[in-house]
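Following: one structure in C-alpha coordinates, then a few remarks.
The values are calculated or read from the model by the stated rules, or taken from the named source; none is laboratory data. Because the structure is a prediction, the values reported are computed rather than measured. Here the Cβ positions follow ideal geometry from the backbone for every residue, glycine too, while neighbour counts run over all protein chains shown. The protein model used for the area step is the full one, side chains on, heavy atoms only, and it has no ligands, DNA or RNA in it. Shrake-Rupley method; radii C 1.70, N 1.55, O 1.52, S 1.80 Å.
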Amino acid sequence: MTYNFDEIIDRRNTNALNTDGFRDYIFKAPPSMKFPYKDEEFIRMWVADMEFATPPEIIKAMQARLERRIFGYTMIFDPAYGEAFLNWTVRRYGWHFDPATLVTSNGIIPALYELVEYLCEPEDKIIIFTPSYAYFKHAADYNQIELVTSDLINEEGRYTMDFDSFERLAKDEKVKLCIFCNPHNPTGRVWTPEELKRFGEICLENDIWIISDEIHCDLLRREFKHTPLAKLFPDSDRIITCMAPSKTFNMAGLMISNIIIPNDGLRKVWKQRHYSFENPLSIVAAQAAYTSGHEWLDQLLTYLDGNFEYTRDFLSEHLPKTVFKISEATYLAWVDISAYLPVEEDYCLFFANNAGVLLEGGNLFVSNSDGYIRLNLACPRAVLAEGLSRIEKALTFGQIGD
Ligand code: LCS
(Lines give C-alpha, C1' and ligand atoms only; values in the text may rest on other atoms or scores of the structure.)
Protein backbone atom coordinates (compact mmCIF):
# COMPACT_ATOMS: atom_id res chain seq x y z
CA MET A 1 0.00 0.00 0.00
CA THR A 2 1.20 3.51 -0.79
CA TYR A 3 0.26 6.17 1.74
CA ASN A 4 -0.58 9.73 0.74
CA PHE A 5 1.42 12.36 2.62
CA ASP A 6 0.40 15.13 0.21
CA GLU A 7 -3.18 15.22 1.45
CA ILE A 8 -4.14 18.45 3.25
CA ILE A 9 -6.39 17.64 6.18
CA ASP A 10 -8.64 20.17 7.90
CA ARG A 11 -7.97 20.12 11.64
CA ARG A 12 -10.25 22.94 12.64
CA ASN A 13 -12.90 22.26 15.27
CA THR A 14 -11.07 19.25 16.67
CA ASN A 15 -9.71 21.05 19.74
CA ALA A 16 -6.22 20.71 18.26
CA LEU A 17 -3.50 22.62 20.12
CA ASN A 18 -1.88 23.18 16.74
CA THR A 19 -4.81 25.16 15.29
CA ASP A 20 -6.53 26.55 18.37
CA GLY A 21 -3.94 26.76 21.12
CA PHE A 22 -1.12 28.81 19.65
CA ARG A 23 -2.03 32.13 21.27
CA ASP A 24 -1.73 30.70 24.73
CA TYR A 25 1.22 28.34 24.09
CA ILE A 26 3.50 30.54 21.98
CA PHE A 27 2.46 34.04 22.98
CA LYS A 28 1.06 33.46 26.48
CA ALA A 29 -1.85 35.55 25.20
CA PRO A 30 -5.63 35.27 25.51
CA PRO A 31 -7.91 34.18 22.62
CA SER A 32 -8.53 37.87 21.83
CA MET A 33 -4.96 38.40 20.54
CA LYS A 34 -5.18 39.76 16.97
CA PHE A 35 -2.93 39.13 13.95
CA PRO A 36 -3.01 40.49 10.37
CA TYR A 37 -3.92 36.90 9.32
CA LYS A 38 -7.06 34.90 10.00
CA ASP A 39 -6.42 31.72 11.98
CA GLU A 40 -7.12 29.53 8.96
CA GLU A 41 -4.63 31.52 6.85
CA PHE A 42 -1.62 30.65 9.00
CA ILE A 43 0.96 28.13 7.86
CA ARG A 44 1.55 26.18 11.07
CA MET A 45 5.12 24.96 11.58
CA TRP A 46 5.27 25.08 15.36
CA VAL A 47 4.17 22.42 17.85
CA ALA A 48 5.69 18.99 17.25
CA ASP A 49 2.79 17.08 15.80
CA MET A 50 2.28 16.28 12.14
CA GLU A 51 -0.19 17.35 9.47
CA PHE A 52 -0.40 13.72 8.28
CA ALA A 53 -3.19 11.26 9.06
CA THR A 54 -2.44 8.58 11.63
CA PRO A 55 -1.90 5.27 9.76
CA PRO A 56 -5.10 3.51 8.68
CA GLU A 57 -3.93 0.32 10.45
CA ILE A 58 -4.11 2.16 13.77
CA ILE A 59 -7.47 3.74 13.06
CA LYS A 60 -8.88 0.34 12.10
CA ALA A 61 -7.73 -1.17 15.40
CA MET A 62 -9.42 1.67 17.28
CA GLN A 63 -12.61 1.16 15.27
CA ALA A 64 -12.60 -2.53 16.22
CA ARG A 65 -12.25 -1.55 19.88
CA LEU A 66 -15.11 0.95 19.53
CA GLU A 67 -17.27 -1.92 18.38
CA ARG A 68 -16.77 -3.57 21.76
CA ARG A 69 -18.89 -0.68 23.11
CA ILE A 70 -17.82 -0.57 26.75
CA PHE A 71 -15.04 1.77 27.92
CA GLY A 72 -14.75 1.08 31.63
CA TYR A 73 -11.57 1.41 33.71
CA THR A 74 -8.72 -0.04 31.73
CA MET A 75 -5.09 -0.95 32.39
CA ILE A 76 -2.61 -2.99 30.42
CA PHE A 77 -3.02 -6.56 31.67
CA ASP A 78 -2.38 -8.41 28.41
CA PRO A 79 1.34 -9.17 27.88
CA ALA A 80 0.75 -8.82 24.13
CA TYR A 81 1.22 -5.04 24.51
CA GLY A 82 4.73 -5.33 25.97
CA GLU A 83 5.63 -8.03 23.45
CA ALA A 84 4.57 -5.84 20.54
CA PHE A 85 6.71 -2.97 21.82
CA LEU A 86 9.65 -5.27 22.55
CA ASN A 87 9.46 -6.65 18.99
CA TRP A 88 9.57 -3.06 17.77
CA THR A 89 12.72 -2.16 19.72
CA VAL A 90 14.42 -5.41 18.69
CA ARG A 91 13.58 -5.02 15.02
CA ARG A 92 14.33 -1.31 14.73
CA TYR A 93 17.26 -0.82 17.15
CA GLY A 94 18.46 -4.32 18.03
CA TRP A 95 17.57 -3.61 21.67
CA HIS A 96 16.15 -6.19 24.07
CA PHE A 97 14.70 -4.84 27.29
CA ASP A 98 13.08 -6.87 30.03
CA PRO A 99 9.27 -6.49 29.59
CA ALA A 100 8.91 -6.73 33.39
CA THR A 101 10.59 -3.30 33.62
CA LEU A 102 8.06 -1.60 31.33
CA VAL A 103 5.39 0.74 32.66
CA THR A 104 3.19 3.15 30.73
CA SER A 105 2.26 6.77 31.29
CA ASN A 106 -0.21 9.27 29.81
CA GLY A 107 2.70 10.99 28.10
CA ILE A 108 6.41 11.42 28.62
CA ILE A 109 6.03 14.87 30.16
CA PRO A 110 3.84 13.62 33.02
CA ALA A 111 6.39 10.82 33.51
CA LEU A 112 9.23 13.35 33.70
CA TYR A 113 7.39 15.36 36.34
CA GLU A 114 6.77 12.20 38.36
CA LEU A 115 10.25 10.74 38.02
CA VAL A 116 11.84 14.00 39.16
CA GLU A 117 9.57 13.90 42.21
CA TYR A 118 10.47 10.27 42.98
CA LEU A 119 14.22 10.68 42.42
CA CYS A 120 15.12 14.12 43.73
CA GLU A 121 15.29 15.66 47.20
CA PRO A 122 14.85 19.45 47.56
CA GLU A 123 18.59 20.16 47.76
CA ASP A 124 19.43 18.11 44.64
CA LYS A 125 20.12 19.49 41.17
CA ILE A 126 19.15 18.38 37.66
CA ILE A 127 21.40 18.81 34.65
CA ILE A 128 20.33 19.23 31.03
CA PHE A 129 21.98 20.18 27.75
CA THR A 130 20.92 23.42 26.07
CA PRO A 131 19.24 24.31 23.83
CA SER A 132 16.55 22.08 25.28
CA TYR A 133 12.95 21.10 24.94
CA ALA A 134 11.48 23.50 27.53
CA TYR A 135 9.57 20.86 29.48
CA PHE A 136 12.85 19.44 30.79
CA LYS A 137 13.24 22.73 32.62
CA HIS A 138 9.57 22.82 33.58
CA ALA A 139 9.89 19.38 35.19
CA ALA A 140 12.68 20.71 37.43
CA ASP A 141 10.90 24.01 38.13
CA TYR A 142 7.61 22.29 38.99
CA ASN A 143 9.40 20.18 41.59
CA GLN A 144 11.45 23.17 42.78
CA ILE A 145 14.73 21.48 41.93
CA GLU A 146 17.64 23.63 40.82
CA LEU A 147 18.57 23.31 37.16
CA VAL A 148 22.13 23.24 35.84
CA THR A 149 22.71 23.63 32.10
CA SER A 150 25.54 22.55 29.86
CA ASP A 151 25.62 24.36 26.52
CA LEU A 152 26.01 22.17 23.46
CA ILE A 153 28.85 23.30 21.19
CA ASN A 154 27.62 24.63 17.87
CA GLU A 155 29.99 24.43 14.93
CA GLU A 156 28.35 25.72 11.75
CA GLY A 157 25.02 24.23 12.79
CA ARG A 158 26.37 20.88 13.97
CA TYR A 159 25.98 20.37 17.70
CA THR A 160 28.13 18.29 20.01
CA MET A 161 28.28 17.78 23.75
CA ASP A 162 30.93 19.75 25.62
CA PHE A 163 32.22 16.79 27.61
CA ASP A 164 34.79 18.77 29.62
CA SER A 165 32.27 21.31 30.83
CA PHE A 166 29.64 18.62 31.39
CA GLU A 167 32.03 16.53 33.45
CA ARG A 168 32.96 19.51 35.62
CA LEU A 169 29.27 20.18 36.31
CA ALA A 170 28.57 16.47 36.87
CA LYS A 171 31.16 16.34 39.64
CA ASP A 172 28.93 18.50 41.83
CA GLU A 173 27.58 15.92 44.30
CA LYS A 174 24.23 17.68 44.36
CA VAL A 175 23.61 16.85 40.70
CA LYS A 176 21.37 13.81 40.99
CA LEU A 177 19.70 13.48 37.62
CA CYS A 178 20.31 14.23 33.95
CA ILE A 179 17.32 14.59 31.64
CA PHE A 180 18.77 13.70 28.29
CA CYS A 181 17.26 13.94 24.82
CA ASN A 182 18.31 11.10 22.50
CA PRO A 183 18.04 11.96 19.64
CA HIS A 184 18.05 15.65 20.37
CA ASN A 185 15.20 18.13 20.06
CA PRO A 186 15.66 20.85 18.80
CA THR A 187 19.08 20.38 17.13
CA GLY A 188 18.19 17.06 15.50
CA ARG A 189 21.43 15.36 16.47
CA VAL A 190 21.56 11.55 16.50
CA TRP A 191 24.25 10.95 19.11
CA THR A 192 26.81 8.38 17.99
CA PRO A 193 27.44 5.29 20.14
CA GLU A 194 30.83 6.82 21.08
CA GLU A 195 29.24 10.06 22.24
CA LEU A 196 26.57 8.17 24.16
CA LYS A 197 29.15 5.95 25.82
CA ARG A 198 31.22 8.89 26.97
CA PHE A 199 28.17 10.79 28.19
CA GLY A 200 26.77 7.75 30.03
CA GLU A 201 30.10 6.98 31.68
CA ILE A 202 30.41 10.52 33.05
CA CYS A 203 26.92 10.31 34.56
CA LEU A 204 27.28 6.84 36.02
CA GLU A 205 30.77 7.50 37.44
CA ASN A 206 29.26 10.47 39.27
CA ASP A 207 26.18 8.59 40.53
CA ILE A 208 23.83 10.55 38.33
CA TRP A 209 20.57 8.97 37.23
CA ILE A 210 19.65 9.44 33.58
CA ILE A 211 16.24 9.82 32.04
CA SER A 212 16.87 9.18 28.38
CA ASP A 213 13.94 10.73 26.54
CA GLU A 214 13.93 8.88 23.21
CA ILE A 215 10.53 10.06 21.97
CA HIS A 216 12.01 11.09 18.58
CA CYS A 217 13.98 7.86 18.05
CA ASP A 218 11.83 6.48 15.21
CA LEU A 219 12.13 9.66 13.17
CA LEU A 220 15.64 9.52 11.73
CA ARG A 221 16.90 10.37 8.27
CA ARG A 222 17.26 7.13 6.37
CA GLU A 223 21.05 6.89 6.65
CA PHE A 224 21.07 7.18 10.47
CA LYS A 225 20.50 4.56 13.15
CA HIS A 226 19.18 5.08 16.66
CA THR A 227 21.07 3.71 19.63
CA PRO A 228 19.08 3.46 22.85
CA LEU A 229 21.38 4.74 25.59
CA ALA A 230 20.45 1.81 27.86
CA LYS A 231 21.57 -0.65 25.16
CA LEU A 232 25.15 0.51 25.76
CA PHE A 233 24.94 0.05 29.53
CA PRO A 234 23.19 -3.30 30.03
CA ASP A 235 24.53 -3.64 33.59
CA SER A 236 23.29 -0.29 34.85
CA ASP A 237 19.83 0.10 36.38
CA ARG A 238 20.08 3.90 36.60
CA ILE A 239 19.01 4.67 33.02
CA ILE A 240 15.29 5.18 32.52
CA THR A 241 14.22 5.06 28.87
CA CYS A 242 11.17 6.90 27.54
CA MET A 243 9.73 6.02 24.14
CA ALA A 244 6.30 6.50 22.60
CA PRO A 245 4.24 6.01 19.47
CA SER A 246 2.97 9.59 19.83
CA LYS A 247 5.42 11.50 17.64
CA THR A 248 6.07 8.58 15.28
CA PHE A 249 2.45 7.94 14.35
CA ASN A 250 0.92 11.36 15.04
CA MET A 251 -1.14 10.23 18.00
CA ALA A 252 0.09 12.52 20.81
CA GLY A 253 -3.53 13.23 21.75
CA LEU A 254 -4.01 9.57 22.64
CA MET A 255 -1.53 10.06 25.47
CA ILE A 256 0.23 6.76 25.87
CA SER A 257 3.96 6.33 26.28
CA ASN A 258 6.40 3.66 27.41
CA ILE A 259 8.73 4.10 30.35
CA ILE A 260 11.36 1.45 31.02
CA ILE A 261 12.51 1.55 34.63
CA PRO A 262 15.11 -1.16 35.29
CA ASN A 263 15.71 -0.20 38.93
CA ASP A 264 13.45 -2.36 41.13
CA GLY A 265 13.13 0.19 43.94
CA LEU A 266 12.21 3.07 41.66
CA ARG A 267 9.77 0.92 39.69
CA LYS A 268 8.14 -0.10 42.98
CA VAL A 269 7.69 3.55 43.94
CA TRP A 270 6.27 4.26 40.48
CA LYS A 271 3.78 1.41 40.79
CA GLN A 272 2.69 2.54 44.25
CA ARG A 273 2.22 6.18 43.35
CA HIS A 274 1.42 6.35 39.63
CA TYR A 275 -2.22 6.43 38.54
CA SER A 276 -1.92 3.63 36.00
CA PHE A 277 -5.16 3.60 34.08
CA GLU A 278 -4.93 3.92 30.32
CA ASN A 279 -7.41 4.91 27.66
CA PRO A 280 -8.70 1.69 26.02
CA LEU A 281 -8.48 3.23 22.55
CA SER A 282 -4.89 4.31 23.17
CA ILE A 283 -3.77 0.83 24.14
CA VAL A 284 -5.06 -0.78 20.96
CA ALA A 285 -3.73 2.13 18.90
CA ALA A 286 -0.22 1.80 20.33
CA GLN A 287 -0.24 -1.97 19.97
CA ALA A 288 -1.38 -1.70 16.35
CA ALA A 289 1.34 0.90 15.71
CA TYR A 290 4.03 -1.46 16.96
CA THR A 291 2.70 -4.51 15.14
CA SER A 292 1.56 -2.99 11.83
CA GLY A 293 3.24 0.41 11.56
CA HIS A 294 6.58 -0.44 9.95
CA GLU A 295 5.63 0.08 6.33
CA TRP A 296 3.82 3.37 6.97
CA LEU A 297 6.77 4.64 8.99
CA ASP A 298 9.26 3.71 6.29
CA GLN A 299 7.25 5.66 3.73
CA LEU A 300 6.88 8.60 6.11
CA LEU A 301 10.65 8.73 6.61
CA THR A 302 11.22 8.87 2.87
CA TYR A 303 8.71 11.72 2.57
CA LEU A 304 10.36 13.61 5.44
CA ASP A 305 13.79 13.15 3.83
CA GLY A 306 12.31 14.81 0.75
CA ASN A 307 10.99 17.72 2.84
CA PHE A 308 14.40 18.23 4.42
CA GLU A 309 16.11 18.22 1.03
CA TYR A 310 13.54 20.69 -0.27
CA THR A 311 14.21 22.95 2.74
CA ARG A 312 18.00 22.74 2.33
CA ASP A 313 17.76 23.61 -1.38
CA PHE A 314 15.29 26.42 -0.73
CA LEU A 315 17.39 28.02 2.00
CA SER A 316 20.65 27.81 0.10
CA GLU A 317 19.04 29.38 -2.96
CA HIS A 318 16.78 32.01 -1.40
CA LEU A 319 18.20 32.68 2.06
CA PRO A 320 21.91 31.88 1.65
CA LYS A 321 22.92 33.62 4.87
CA THR A 322 20.99 31.14 7.02
CA VAL A 323 22.96 28.37 8.70
CA PHE A 324 21.18 25.05 8.30
CA LYS A 325 22.16 21.39 8.30
CA ILE A 326 19.61 18.69 7.60
CA SER A 327 18.55 17.35 11.00
CA GLU A 328 19.75 13.81 11.57
CA ALA A 329 16.57 13.09 13.51
CA THR A 330 13.11 14.58 14.20
CA TYR A 331 10.95 16.34 11.65
CA LEU A 332 12.14 19.69 12.99
CA ALA A 333 14.51 21.98 11.12
CA TRP A 334 16.76 24.17 13.29
CA VAL A 335 17.76 27.25 11.33
CA ASP A 336 20.05 30.15 12.27
CA ILE A 337 18.47 33.28 10.80
CA SER A 338 20.49 35.80 12.82
CA ALA A 339 22.12 37.16 9.64
CA TYR A 340 18.66 38.40 8.62
CA LEU A 341 16.96 39.30 11.88
CA PRO A 342 18.58 40.69 15.04
CA VAL A 343 18.50 38.27 17.96
CA GLU A 344 16.67 40.88 20.07
CA GLU A 345 13.61 40.52 17.81
CA ASP A 346 10.75 38.32 19.03
CA TYR A 347 11.00 35.73 16.25
CA CYS A 348 7.66 34.03 16.91
CA LEU A 349 5.80 37.32 16.82
CA PHE A 350 7.75 38.58 13.81
CA PHE A 351 6.80 35.61 11.63
CA ALA A 352 3.21 35.46 12.86
CA ASN A 353 2.74 39.14 11.98
CA ASN A 354 4.87 39.45 8.86
CA ALA A 355 4.66 36.04 7.25
CA GLY A 356 1.51 34.39 8.61
CA VAL A 357 3.72 31.53 9.75
CA LEU A 358 3.55 30.02 13.22
CA LEU A 359 6.92 28.71 14.37
CA GLU A 360 8.99 28.43 17.51
CA GLY A 361 12.32 30.05 18.13
CA GLY A 362 14.87 31.64 20.39
CA ASN A 363 14.01 31.66 24.05
CA LEU A 364 11.42 28.87 23.80
CA PHE A 365 14.36 26.44 24.11
CA VAL A 366 15.66 27.39 27.57
CA SER A 367 19.00 28.98 26.52
CA ASN A 368 21.82 28.80 23.97
CA SER A 369 19.25 29.18 21.22
CA ASP A 370 19.36 32.87 20.25
CA GLY A 371 19.11 33.56 16.55
CA TYR A 372 17.39 30.27 15.74
CA ILE A 373 13.96 29.30 14.51
CA ARG A 374 12.56 25.78 14.60
CA LEU A 375 10.40 24.73 11.68
CA ASN A 376 8.16 21.71 11.77
CA LEU A 377 8.54 20.05 8.36
CA ALA A 378 6.00 17.26 8.94
CA CYS A 379 3.48 18.67 6.52
CA PRO A 380 2.50 18.18 2.87
CA ARG A 381 5.19 19.52 0.54
CA ALA A 382 2.85 22.16 -0.88
CA VAL A 383 2.35 23.58 2.63
CA LEU A 384 6.08 23.50 3.28
CA ALA A 385 6.77 25.35 0.03
CA GLU A 386 4.26 28.08 0.94
CA GLY A 387 5.66 28.39 4.48
CA LEU A 388 9.25 28.75 3.30
CA SER A 389 8.31 31.21 0.62
CA ARG A 390 6.48 33.39 3.15
CA ILE A 391 9.48 33.23 5.49
CA GLU A 392 11.75 34.34 2.66
CA LYS A 393 9.50 37.27 1.78
CA ALA A 394 9.33 38.42 5.39
CA LEU A 395 13.09 38.23 5.82
CA THR A 396 14.07 39.85 2.55
CA PHE A 397 11.41 42.54 2.44
CA GLY A 398 13.17 45.79 1.64
CA GLN A 399 16.44 44.01 0.90
CA ILE A 400 15.97 43.65 -2.84
CA GLY A 401 19.35 43.94 -4.50
CA ASP A 402 21.05 43.17 -1.18
N1 LCS B 1 9.93 14.85 25.06
C2 LCS B 1 10.41 15.52 24.01
C3 LCS B 1 11.89 15.57 23.77
C4 LCS B 1 9.54 16.15 23.13
O5 LCS B 1 10.04 16.80 22.08
C6 LCS B 1 8.15 16.09 23.36
C7 LCS B 1 7.16 16.81 22.50
C8 LCS B 1 7.69 15.37 24.46
C9 LCS B 1 8.60 14.76 25.30
C10 LCS B 1 6.23 15.26 24.75
O11 LCS B 1 5.90 14.01 25.21
P12 LCS B 1 4.41 13.60 25.57
O13 LCS B 1 4.14 14.12 26.94
O14 LCS B 1 3.49 14.19 24.56
O15 LCS B 1 4.45 12.12 25.54
N16 LCS B 1 7.70 17.89 21.83
C17 LCS B 1 7.12 18.95 21.42
C18 LCS B 1 7.80 20.06 20.87
O19 LCS B 1 8.99 20.14 20.73
N20 LCS B 1 6.91 20.98 20.54
O21 LCS B 1 5.66 20.57 20.78
C22 LCS B 1 5.69 19.29 21.45
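Using the Cβ-Cβ distance between Ala16 and Thr302 with R0 set to 35 Å, the FRET efficiency works out to roughly 0.85. Note on the chain: with a GNM built from Cα contacts shorter than 10 Å, the maximum mean-square fluctuation among Pro36, Pro110, Pro99 falls on Pro36. Measuring against 28 Å, Cα to Cα, the residue pairs Lys60/Lys268; Lys34/Lys137; Lys60/Lys225; Lys137/Lys325; Lys231/Lys271 contain Lys60/Lys268; Lys34/Lys137; Lys60/Lys225 as the ones spanning a longer distance. Computed about its Cα centre, the charge dipole of segment 71-292 is approximately 680 debye, with only Lys, Arg, Asp and Glu carrying charge at their Cβ. For segment 71-292, the share of accessible area belonging to carbon and sulfur comes to 49 percent (1.4 Å probe, ligands and nucleic acids excluded).
Excluding ligands, DNA and RNA, the accessible surface per residue across segment 71-292 is 41 Å² with a 1.4 Å probe. A run of the chain free of exposed loop cleavage sites, with GluC sites (Glu not before Pro) counted only in DSSP states other than H, G, I, E and B and at most 14 other beta carbons within 10 Å, reaches its longest extent at 224-343. Measuring from centroid to centroid over Cα atoms, what is the spacing of segment 100-149 and segment 247-303 in Å? Segment 100-149 and segment 247-303 have Cα centres spaced 19 Å from each other. Using 0.36 nm per residue and subtracting the Cα-Cα separation, the extra length available between Lys268 and Asp162 on full extension is 34.7 nm.
DSSP loop (so not H, G, I, E, B), at most 16 other Cβ within 10 Å: list which trypsin sites (Lys or Arg not before Pro) in segment 313-402 pass both filters. Passing sites in segment 313-402 are Lys321.
Shown is the FRET efficiency for Ala29 and Asp6, computed with R0 = 41 Å from the Cβ-Cβ distance and rounded to the nearest 0.05: 0.80. Think of the chain as having a plus end and a minus end, set by charges on the Cβ of Lys, Arg, Asp and Glu; of Val190, Ser276, Ala385, Ser276 sits farthest toward the positive end of this dipole.
Restriction of the trypsin sites (Lys or Arg not before Pro) in segment 31-83 to DSSP coil positions whose beta-carbon has at most 10 other beta-carbons within 10 angstrom yields Lys34, Lys38, Arg68, Arg69. Note on Asp235 and Arg69: their simple-model spin labels are 5.8 nm apart, each label 7 Å out from Cα toward Cβ. The simple Förster model, with R0 at 45 Å and r as the Cβ-Cβ distance, assigns Arg91 and Lys393 a FRET efficiency of 0.50.
Rounded to the nearest 20, the size of the Cβ-charge dipole of the chain about its Cα centre is 900 debye, with Lys and Arg at +1 and Asp and Glu at -1.
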